[in-house]
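Student: Submitted below is the structure of interest, expressed as C-alpha cells.
Derivation of every value follows stated rules applied to the coordinates shown; laboratory data play no part. The model shown is predicted, which means the values in this text are computed figures rather than measured ones. Quick reminder, even Gly has a Cβ in these numbers, built from the backbone with ideal geometry, and neighbours come from all protein chains shown.
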Amino acid sequence: MPRPVVIGNKTVQLPSDWKEFTTGQLELIAHVSSKAMPVETAKLYIVLNLLGLRITRKVGDDTFRFVWRFRRGVITTEEMAQLTAAYDFLFGEVEGKPGTFVVLSGITRDPYPHLTDGLYAFRGPGDLFEHVTYDQFVYANTYMAQLGTHPEVFPQLLACLWHRRRRFDPERIEADARRLSRLPKEHQTVMFWYWIGSLGALRRIFPRVFSGSGKDGGNIFEEQQRIIDALADGDMTRKQAVRSGLLLDAMFSMDESIRKAEEMKRSLSHK
C-alpha cells in the first residue's frame, strides 16, 4: 500500500514497494543511484523528487524552507530523516564492504512492454518472465555470469530479454544489443533491475530448482544444456521444444520432478 506522508496540512501518497513505482519513477531512482553520493543523500533526493518538493534554503540548525505545489513551508532534518527511512528497502550494504551500498531490485513488472528505440519495436519479457523462453533464460544467465569480468556484454544480456523478432533468435542477440546500447542509461539500468528482481522472485517461487545452482562454479551454459537434456529425457528430438518452451513451464516441470525425487528418497529411507 502507498505510504501516506503529511506535508503541512496535506497528505500525499508515496510508493512503498517496488511494484508501486511507475517506470518514470524507476528511471528517476536509476538516475539518482548512478551518482556518487552517500546512500542517505540518494534516498533524500529520491523522496524529494517523487514528492516534487524543493528545498530552497536553510533557516535554522535543523530547519529548511521548501516549496511544494505552490505552497511554502518548513521541514526539519528529523522529518526528512523519517521520509528517507521509507526507502531503506531500496538499498543494501555490500557484504564485506562496509559503507558500500547497491540497489536491491524487487522489480517483477515489465517496465517496457512496448519498447522502441525510435525505429524498431522490441518484444518484452512480460511480467515475471511471462513471455521468456527457456532458451532466452539460458543465454541471459550465460551473459550474467560473464558480467563481472566482461561488463561489455551488458547490452547482450538485455537483448536476451528484449528482442525485435516475434520469436527469440540467438543469432540476433548482437544486432539487438547494439540498438539497446543506445537507449538512455537509466532505461538500461531499469531493464537490468527487472532481470535481477524477477530472477530473485523466481528463486523464491522455486527454491528446489535453484538450491544447487552456482555451487560448483562450472560453466553456466554447459550446466543449462544438461538441464535441457534432462527435461527432454535425453531425446534429441524434444530438445528444441524445451528450448522454445516457456521458462515458467520448464520451472514447474523441474520443481515437480525434484519434488517427486525427494518424496521417493524419503520413502525409501523409511523402509
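Student: Let me check against my output: what whole-number percent is the relative contact order of the chain, with C-alpha pairs under 8 Å and at least 6 apart?
Tutor: After rounding, I find 15 percent.
Student: Calculate how steeply helix 185-205 sits against the longest principal axis of the alpha-carbon atoms of the chain, using the helix alpha-carbon long axis, and give the answer as 0 to 90 degrees to the nearest 10.
Tutor: For helix 185-205, the angle is close to 60 degrees.
Student: Build a GNM of the chain with springs between Cα atoms under 10 Å: which of V67, V39, V242 gets the top mean-square fluctuation?
Tutor: V67
Student: Can you list the aspartates and glutamates whose alpha carbon is less than 14 Å from that of K35, not counting same-chain residues fewer than 8 positions off?
Tutor: Answer for K35, where 14 Å is the Cα cut-off: E27, E186, listed by chain and number.
Student: Among residues other than G200 whose Cβ falls under 15 Å from its Cβ, what is the net charge (Lys/Arg +1, Asp/Glu -1)?
Tutor: Neighbourhood net charge equals +2.
Student: Next up: Any chance you could list P(r) for segment 163-210, counting all Cα-Cα pairs in 5 angstrom bins from zero, rounded to whole %?
Tutor: 4, 18, 15, 18, 21, 14, 8, 1
Student: Helix 134-146 sits at what angle to the longest principal axis of the chain, using alpha carbons and giving 0 to 90 degrees rounded to 10?
Tutor: Around 60 degrees separate the two axes.
Student: ³J(HN,Hα) across segment 255-266 via Karplus (A = 6.51, B = -1.76, C = 1.60, θ = phi - 60°), whole Hz, x for Gly/Pro?
Tutor: Result, ordered by residue: 4, 5, 5, 5, 4, 5, 5, 5, 5, 5, 5, 5 Hz.
Student: May I pose another question? Taking 7 Å along the Cα-to-C-beta vector as the label spot, tell me the R71-R54 distance in nanometres, rounded to one decimal.
Tutor: According to this spin-label approximation, the distance is 1.7 nm.
Student: While we're looking at this one, here's another question. At most 15 other Cβ atoms within 10 Å and a DSSP loop assignment: could you name the trypsin sites (Lys or Arg not before Pro) in segment 5-57 that fit?
Tutor: Hits after loop and neighbour filter: K35.
Student: Compute the FRET efficiency between T63 and K260 as 1/(1 + (r/R0)^6), taking r as their Cβ-Cβ distance and R0 = 45 Å, and round to the nearest 0.05.
Tutor: About 0.10, to the nearest 0.05.
Student: Out of residues 5 or more away from F206 or on other chains, whose amide H comes under 5 Å of its own, with H placed 1.01 Å from N in the peptide plane?
Tutor: So F206 has HN proximity to no qualifying residue.
Student: Let me ask you something else. I want the local charge near V153. Using Cβ-Cβ distances under 14 Å, sum +1 for each Lys or Arg and -1 for each Asp or Glu among the other residues.
Tutor: Surrounding charge for V153 is -2.
Student: If I model a spin label as a point 7 Å beyond the Cα along the Cα-Cβ vector, how far apart are those points for Q25 and R203 in nm?
Tutor: 2.6
Student: Between I107 and residues 5 or more places away or on another chain, which pairs have amide H atoms under 5 Å apart, with H built 1.01 Å from N, and which residues are they?
Tutor: G197
Student: Placing +1 at every Lys and Arg Cβ and -1 at every Asp and Glu Cβ, with all other atoms neutral, what dipole size does the chain have around its Cα centre, in debye to the nearest 20?
Tutor: Once rounded to the nearest 20, the dipole reads 720 debye.
Student: Pull up all non-local amide H partners of F101: gap of 5 or more, or a different chain, and H-to-H distance under 5 Å with H placed in the peptide plane.
Tutor: Here the answer is V94, since their amide H atoms fall under 5 Å of that of F101.
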